[in-house]
Amino acid sequence: MKPLVAFALFVLSLAPAHAQVSVKDAWIRATVPQQRATGAYMHLTATRNVRLVEVRSPVAGVVELHETSMVDNMMKMRPVATLDLPAGKGVELKPGGYHIMLMDLKRPIKEGASVPLTLVVEGADGKRESLEVKATVRALTDHAGSHKGH
């Protein structure tokens, strides 16, 4: 084996097996005084099949994955234990769909701030990886997440 090839294989063997999930346009809706919950939204793309299994944030006592759906002509929201992130297929967390609920907020979430989130993904092998994300806080009236470039 040529030395350069051997060295490259050695370096690759030292690299951790990351899920390589990219996060784009992470944002959180601002709150008003006394509001105890808000939503977080983003676009996730994984390079291999993984599941989002947990989300944490120091600004909330409880953080859950949720799904919003229409049931009997009424919007219903329910927690989900995990969210599949299929390889190469973007998954959008958005108002009216899958999203992250931040509940039991420790303080108001003000427009323009940056909120830390930790996303935990799990591969088919059961190994978990944590991704640190900074979500920009947008105006309470931003219903569609239409801001670009954040």
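Throughout, read-outs are computed from the coordinates displayed, never taken from laboratory work. Because the structure is a prediction, the values reported are computed rather than measured. Neighbour counts run over all protein chains shown; Cβ positions are idealised from the backbone, glycine included.
Side notes on the structure shown:
- Test for Leu65: is it farther than 24 Å from Val21 by Cβ and in contact with a strand residue (DSSP E or B) (Cβ under 8 Å, 6 or more places away or on another chain): no
- With respect to being under 17 Å from Ala40 (Cα atoms), surrounded by 12 or more Cβ atoms within 10 Å (Cβ to Cβ) and touching a residue at least 60 places away in the same chain (Cβ under 8 Å), Leu52 fits the description.
- The set of residues from region 103-117 being under 18 Å from Asp25 (Cβ atoms) and surrounded by fewer than 18 Cβ atoms within 10 Å (Cβ to Cβ) comprises Glu111, Gly112, Ala113, Ser114, Pro116.
- Single residue of region 55-83 satisfying the filter (polar (S, T, N, Q) and farther than 21 Å from Ser114 by Cβ) that is surrounded by the most Cβ atoms within 10 Å (Cβ to Cβ): Thr68
- In region 82-102, the residues that are more than 16 Å from Lys24 (Cα to Cα) form Cβ pairs under 7 Å with partners that are of a type in the set (D, E, K, R) and part of a strand (DSSP E or B), at six or more places apart or across chains, as follows: Thr82/Arg51; Leu83/Arg51; Asp84/Arg51; Met101/Glu64.
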